[in-house]
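The values are calculated or read from the model by the stated rules, or taken from the named source; none is laboratory data. Because the structure is predicted, anything quoted here is derived from the model rather than measured. Note that we place each Cβ from the backbone using ideal geometry, even for glycine, and neighbour counts take in every protein chain shown.
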Amino acid sequence: MLPVLHGLYWDLRLGVRTLRSTPALGNGAKAGDPTPYAALLRVARTLTPADVVYDVGCGAGRACVVFATSGALVRGIEMSPAAAAAARRNGVSVIEGDARSADYAGATMLWFFNPFGPETLRAVLRRANALRVVYYNASDQHRAVLFEEGYAVHDSELVGDYAVLDYQRAPPVP
C-alpha cells in the first residue's frame, strides 16, 4: 500500500497520471508496471541540463517527467498508440513507433525497464550509440546483451525488489 501512496503523491505533485501499467505488445515485451518514483528520483539526481535522455518504452511517461525535472532534454519512445497518447497528456515529447528505427539524436543516456526482448535491445543499443544506459530490473539476457555490446556496470543500487543498474561504455577512440 505504501508504494501506491508514494506513487499517488508524486503523480499529484508532478501533475501527471502514471499509476496504470501498460500492456505488452509482443516481440518479447513485458507489460510495464510503472517504475517506482524512488528509483527515478535517484537517477534524476545524476542528470544535468547537458543530458539528452531517451526513455525506451516510455509507457505513460513517468520516467520522462521525473528526468525532465533535472533540466535534461527528455524524449519518450513508445510503440503503443494508447500509451504514447497517455505520455503526451502528461506533457512528454514522444516518438511513436518502433524503437529499432527511432532517431536517438544526441543521446547521452538511455533508460529501460524491460520493454522488449534481447535482440531488440541489441538493435536499439547499436542505433542509439549512447555512452550511458540505466536499466531498472534487467533480466539476465538483457545484462548479457549490454556486456556483449561493450557496456560495464558503473554503479548499481537496490530500490525495492529490483536493482537500478547504471552501465557505461568507453567512448570510441579517435
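Out of Thr35, Thr22, Thr18, which single residue is surrounded by 16 or more Cβ atoms within 10 Å (Cβ to Cβ), at pLDDT below 90, under 11 Å from the mean Cα position of the chain (by Cα) and farther than 21 Å from Ala130 by Cα?
When all the criteria are applied, what remains is Thr35.
Hey, any hits in segment 33-50 for a residue that's closer than 19 Å to Val159 by Cβ, touching a Cys at 6+ places or on another chain (Cβ under 6 Å) and of a type in the set (Asp, Glu)?
No, segment 33-50 contains no residue that is closer than 19 Å to Val159 by Cβ, touching a Cys at 6+ places or on another chain (Cβ under 6 Å) and of a type in the set (Asp, Glu).
Is segment 90-98 home to any residue that is under 15 Å from Val56 (Cα atoms), small (Gly, Ala, Ser), over 13 Å from the mean Cα position of the chain (by Cα) and assigned to a helix (DSSP H, G or I)?
no
Just give me the residues in segment 32-77 being acidic (Asp, Glu) and part of a loop (DSSP other than H, G, I, E, B), in sequence order.
Asp33, Asp51 - these are the residues of segment 32-77 that are acidic (Asp, Glu) and part of a loop (DSSP other than H, G, I, E, B).
Scan segment 42-53 and tell me whether some residue there is crowded, with 18+ Cβ neighbours inside 10 Å and closer than 15 Å to Thr18 by Cα.
Checked segment 42-53: no residue is crowded, with 18+ Cβ neighbours inside 10 Å and closer than 15 Å to Thr18 by Cα.
What is the number of the single condition among (1) surrounded by 22 or more Cβ atoms within 10 Å (Cβ to Cβ); (2) at pLDDT 95 or above; (3) of a type in the set (A, V, I, L, M, F, W, C); (4) farther than 19 Å from Val52 by Cβ that Ala83 does not meet?
(2) is the only condition that Ala83 fails.
For segment 113-124: of the residues being buried (at least 23 other Cβ atoms within 10 Å of the Cβ) and modelled with pLDDT of 95 or more, which is farthest from Ser70 (Cα to Cα)?
Residue satisfying both the conditions and the ranking: Leu121.
Using beta carbons and a limit of 9 Å, which pairs, at least six apart or on different chains, have the first residue in segment 10-21 and closer than 18 Å to Arg42 by Cβ and in contact (Cβ under 8 Å) with a residue 60 or more places away in the chain and the second one assigned to a helix (DSSP H, G or I) and charged (D, E, K, R)?
Thr18/Asp11; Thr18/Arg62
Tell me, yes or no, whether segment 100-115 has at least one residue that is touching a Cys at 6+ places or on another chain (Cβ under 7 Å) and touching a residue at least 40 places away in the same chain (Cβ under 8 Å).
Scanning segment 100-115, I find no residue that is touching a Cys at 6+ places or on another chain (Cβ under 7 Å) and touching a residue at least 40 places away in the same chain (Cβ under 8 Å), so the answer is no.
Which of the residues belonging to segment 156-174 are within 16 Å of the chain's Cα centre (by Cα) and either without any contact (Cβ under 8 Å) to a residue 24 or more places away in the chain or in a helix (DSSP H, G or I) (or both)?
Ser156
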